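Before any comments, here is the structure.
Coordinate-derived values only; no laboratory data. Note that the structure is a prediction, hence the values are computed from the model and not measured. In this analysis, Cβ positions are derived from the backbone assuming ideal geometry, glycine residues included, and neighbour counts consider all displayed protein chains.
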Amino acid sequence: MARKKTLRERGQFKKEIHSALYKSADIRELLLGDTSEMSAVQTMEAFKNHVKSHLFIDDTITDATTYIFYDVIMPELRAQTKHCQVIMYLICHRDILDNYEKEGYIGDRIDILSQMVEDALINDDDRVNKFGIGNLDITDVGFYNASRFYGCIITFEVTSFR
């Protein structure tokens, strides 16, 4: 008898994360600016240029813009459950770090984006049950610091069935 695929959930989590981030009009606005003149296909393609489901951050990125990179790891696999982590890098070019404001949010561009991501993944009642068997929780927030880009690294955790 074939066992259920243990690693299938990595792809499912990535799909749900991408969908939740895209669903957020606030995140789309912060990443893309005004999209009212763009078609739905153009908006989705532009969004894909800013949101990547991997942690490879190419040293050749030169655009003074904002990005979200993420991946899913499973550092602990037990007989019946697995521990899942989502590692997310929110980064922007240093030249635009302090030039964004949005009512209801506090801080620089990365602070605001991190609050929007939290809203999209944790505070959205439609999304909260899409991940694992518990709540997706933030367990760690660090910083990303490179020569041209600055940001934060957020770790989310959830337990799921193996």
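Table for the structure above
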{"quantity": "With Cα atoms, 0 to 90° folded angle of helix 40-50 axis to the chain main axis", "calculated": "80 degrees"}
{"quantity": "Rounded to the nearest 20 debye, dipole of the chain from Cβ charges on Lys, Arg, Asp, Glu", "calculated": "1280 debye"}
{"quantity": "Qualifying chymotrypsin sites (Phe, Trp or Tyr not before Pro) for region 71-124 [loop in DSSP, other Cβ within 10 Å: at most 15]", "calculated": "none"}
{"quantity": "Mean separation of Cα contacts under 8 Å, 6 or more apart, over the residue count of region 8-161: relative contact order %", "calculated": "22 percent"}
{"quantity": "Region 12-68, dipole about Cα centre (Lys/Arg Cβ +1, Asp/Glu Cβ -1), debye to the nearest 20", "calculated": "340 debye"}
{"quantity": "Ascending count of other beta-carbon atoms within 10 Å, so fewest first, for 30, 55", "calculated": "55, 30"}
{"quantity": "Relative exposure of 111, 34, judged by other C-beta atoms within 10 Å (fewest first)", "calculated": "34, 111"}
{"quantity": "Tilt relative to the chain, helix 8-23 - C-alpha long axis, 0 to 90 degrees, to 10", "calculated": "30 degrees"}
{"quantity": "Degrees, to the nearest 10: 109-121 long Cα axis against longest axis of the chain", "calculated": "40 degrees"}
{"quantity": "Loop-located chymotrypsin sites (Phe, Trp or Tyr not before Pro) in region 20-76, at most 10 other Cβ atoms within 10 Å (DSSP)", "calculated": "56"}
{"quantity": "Which of 64, 100, 39, positive extreme of dipole for region 8-161 (C-beta unit charges)", "calculated": "39"}
